[in-house]
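A quick write-up on the structure given underneath.
Values quoted throughout were computed directly from the atomic coordinates according to the rules given, and no laboratory measurement underlies them. Since the structure is predicted, the reported quantities are computational estimates derived from the model, not experimental observations. Neighbour counts are summed over all protein chains in view; Cβ atoms, including those assigned to glycine, are modelled from backbone coordinates with ideal geometry.
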Amino acid sequence: MKQMYMLYFGFFVLMISHYTTYSYTFLNEIQKKNLWHAGGSLRLHLGCGVHRLPGYVNIDFPLSEHNIIQTVRADIFTDISTLELPADCVDEIRSHHLFEHFQRTDAFLLLCKWHCWLKEGATLLIETPDFEESVKLFLLPSTLYPAKQAILRHIFGSQEAAWAIHYDGWYEEKFRSVLTELGFEIINIEHTRWQSTANIIVTARKKIALTMDELMRRSKELLKLSLIDHSESEIRQWAYWCKSMHAGNRLTALP
């Protein structure tokens, strides 16, 4: 029993040490680049692409990972899914047409991480294709075949790179349900149109502070809603999703 305890304790210390080193390395990097200073406001623009926002730390893949755009105006080049930051250190997180590129379990894990990074009352802004409104547009009798193909591309992604695939559909009811359950309060929802595409911009704030373990528990329950039924095979599917979330998280308790 003592050996088992020491094994778990050693793993926990290693996990926390790796997380702490990684997160503070990121903060050190942006401090050295004069993008942020200790005690100052920290605002993250994730998946910036060609749009560099003043006053934000703009983050994206390097140009080598992009096949269409010819410049990436990021301050930091990295895989956003690997970012780790200390709790309660970020004042705002915003992303435009990034969130839909993550698989279902990765998206929930990101929301859990973002909740932890954000200070209480801090802002989360997410823009994605509006799945529900896109379907409505697609089904309009007046929507011609070429426009339908553009809508499908908008829903499923441009697919010119491994990351350029849209893995899940987000819309107002889903955003309200998921974000509220994960400790956020919806401030504003805006539906926008651009040519034949429909988009949704959600602004929320961190209302209550939840532990990572609690966020993961709530995420697992939310994932259950994606089951077709509660047959043995579907429960195994849910268990796989839960395992995938744990595998991607450095701070959750062992399953």
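Of the helices (runs of 4 or more DSSP H) lying entirely inside segment 99-217, those containing at least 3 residues that are of a type in the set (F, W, Y) and either crowded, with 17+ Cβ neighbours inside 10 Å or in contact with a Lys or Arg (Cβ under 7 Å, 6 or more places away or on another chain) (or both) are 104-117. Taking the criterion of being surrounded by 14 or more Cβ atoms within 10 Å (Cβ to Cβ) and either in a strand (DSSP E or B) or out of contact with any Lys or Arg (no Cβ under 8 Å at 6 or more places or on another chain) (or both), the residues of segment 62-76 that qualify are E65, H66, V72, I76. Candidates in segment 35-49 are the residues that are in contact with an Asp or Glu (Cβ under 7 Å, 6 or more places away or on another chain) and assigned to a loop (DSSP other than H, G, I, E, B); of these, the one that is surrounded by the fewest Cβ atoms within 10 Å (Cβ to Cβ) is S41. Of all positions in segment 223-234, none carries a residue that is more than 30 Å from A150 (Cα to Cα), among the acidic types (D, E) and in a strand (DSSP E or B).
Of S95, S81, all but one fail to be assigned to a helix (DSSP H, G or I) and more than 20 Å from L222 (Cα to Cα); the exception is S81.
Among the residues of segment 125-136, some residue qualifies, meaning at least one is touching a residue at least 60 places away in the same chain (Cβ under 8 Å) and under 15 Å from F184 (Cα atoms).
One residue is enough: does segment 232-239 have a residue meeting the conditions among the small types (G, A, S), out of contact with any helix residue (DSSP H, G or I) (no Cβ under 8 Å at 6 or more places or on another chain), without any contact (Cβ under 8 Å) to a residue 40 or more places away in the chain and within 23 Å of S95 (Cβ to Cβ)? Within segment 232-239, none of the residues are among the small types (G, A, S), out of contact with any helix residue (DSSP H, G or I) (no Cβ under 8 Å at 6 or more places or on another chain), without any contact (Cβ under 8 Å) to a residue 40 or more places away in the chain and within 23 Å of S95 (Cβ to Cβ).
In segment 80-98, the residue that is nearest to P54 (Cα to Cα) out of those that are small (G, A, S) and either buried (at least 20 other Cβ atoms within 10 Å of the Cβ) or over 10 Å from the mean Cα position of the chain (by Cα) (or both) is S95.
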